[in-house]
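> Quick one: the structure is below, and I'll ask about it shortly.
The values are calculated or read from the model by the stated rules, or taken from the named source; none is laboratory data. Because the structure is predicted, anything quoted here is derived from the model rather than measured. Every residue, glycine as well, gets a Cβ built from its backbone with ideal geometry; the counts of neighbours run over all protein chains shown. These area figures cover heavy atoms from the full protein model, side chains too; ligands, DNA and RNA do not enter into them. Shrake-Rupley method; radii C 1.70, N 1.55, O 1.52, S 1.80 Å.
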Amino acid sequence: FAIDQDKDAIKFSQEKLSKIGDNFTIIDSNFCNLKEELTKKNVDYVDGFLFDLGVSSVQLDEAERGFSYHNDARLDMRMNQESDFSAYEVVNDYSEEKLEEIFFKFGEEKYSRSIARNIVKYRENKKIETTLELVDIISNSVPMKAKRDKHPARRVFQAIRIEVNHELDILEDSLKDALSMLKVGGRVAVITFHSLEDRIVKNLFREYTSIDEKVKGLPNIPLEYLPDFELVNRQAIAPSDKELSDNNRARSAKLRIIKRIK
């Protein structure tokens, strides 16, 4: 079973997988509904889950989707193309305070205040329609030293994308649902692409694999107080040099895996 809300990804996957076999089902939904959707398919317990988070290369490469700060397109960034809420509404309708908040919270953007201020100032004359319009505003809002190492719009575009798709809101609940459906011996593997996602996964996995504080340190801890899960890898797994040579966009990827043991 695969769950995706991107119509292009569903179509592409259906065509590709149908050439290999027919033992798959692609569900058109957000993965926040995974438990409900699997229950509809009479699936109560699962051997393994793989969460591949973030934006895909296809979404980035299709300029009209509005995810990329390198190509000019209408502000969009919707993973679900049928949604009524897009980057256009965030950029043009949010207050200066709200913009500053999401740029700092979801993008960890150091210059969130000046960027938000300049966006609102620009809006006094006209709506911000395209990605490159927004890139210009961001570029003019940060000092030259901030442009040397990384693209000045990278963090802001990440923040807007997270806001549009509610990515962090749904991640923790979806992981908890997956863990609740996991068979003994089953695993949940999560690939993240930025620190905010990774922090949520890391903290949740730590919570599920920690010994109850009331009995921690006892010589013989009763079985019922031991965690139901264990970490497969204590440190996040990073891409190998070979993987990076094949796909440079994997450079920020981190893989964490947890296993149900009882």
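> Let's see if you can work this out: charge +1 on each Lys and Arg Cβ, -1 on each Asp and Glu Cβ, no other charges. What is the dipole magnitude of the chain about its Cα centre, in debye to the nearest 20?
Computed charge dipole of the chain: roughly 1000 debye.
> Further question: Compute the angle between helix 195-209 and the longest alpha-carbon principal axis of the chain, please, reported from 0 to 90 degrees and rounded to the nearest 10.
It is inclined by approximately 20 degrees.
> Using a simple spin-label model with points 7 Å from Cα along the Cα→Cβ vector, what separation in nm is obtained for N125 and H166?
A separation of 3.7 nm, rounded to one decimal place.
> Using the charge dipole of the chain (Lys, Arg: +1 at Cβ; Asp, Glu: -1 at Cβ; taken about the Cα centre), state which of Q59, Q5, L223 has its Cα farthest towards the positive end.
It is L223.
> What spacing in nm lies between the two simple spin-label points modelled at K16 and H70, each 7 Å away from Cα in the Cβ direction?
Going from the K16 label point to the H70 one covers 1.9 nm.
> If you count only protein heavy atoms with a 1.4 Å probe, what accessible area per residue comes out for the chain, rounded to a whole Å²?
Counting only protein heavy atoms, the per-residue value for the chain is 58 Å².
> Full extension from S252 to A146: what is 0.36 nm times the residue separation minus their Cα-Cα distance, to one decimal in nm?
Taking S252 through A146 to full extension adds about 36.2 nm, to one decimal.
> Of (i) 20.6; (ii) 19.1; (iii) 18.2, which is the value of Kirkwood radius over Cα pairs in Å derived from the coordinates here?
(i)
> Moving on. Quick one: dipole size for the range 61-183, taken about the Cα centre, charges +1 on Lys/Arg Cβ and -1 on Asp/Glu Cβ, in debye to the nearest 20.
Magnitude of the dipole: close to 680 debye.
> Also: At 0.36 nm per residue, minus the direct Cα-Cα distance, what do R199 and K7 gain on full extension? Give it in nm, one decimal, please. If you can, show how the numbers build up before the last one.
Details: separation 192, 0.36 × 192 = 69.12 nm, distance 2.89 nm.
Between R199 and K7, full extension yields 66.2 nm more.
> Grab the Cα-Cα distance for K262 and N23, subtract it from 0.36 nm times how many residues apart they are, and report the gain in nm with one decimal. Present the calculation step by step, with values, prior to reporting the outcome.
Numbers: separation 239, 0.36 × 239 = 86.04 nm, distance 2.89 nm.
Fully extending the segment from K262 to N23 adds 83.1 nm.
> Once neighbouring chains are kept in place and the probe is 1.4 Å, which whole percent of the accessible area of the range 42-142 is contributed by carbon and sulfur?
Values: 2470 of 5420 Å².
Reported share for carbon and sulfur atoms: 45 percent.
> How large is ³J(HN,Hα) for each residue in the range 5-11, as worked out from phi by the Karplus curve 6.51 cos²θ - 1.76 cosθ + 1.60 (θ = phi - 60°), to whole Hz, x for Gly and Pro?
9, 8, 4, 5, 5, 5, 4
> In nm, to one decimal, how far is the K110 label point from the D212 one, both placed 7 Å along Cα→Cβ?
Result: 4.7 nm between the two label points.
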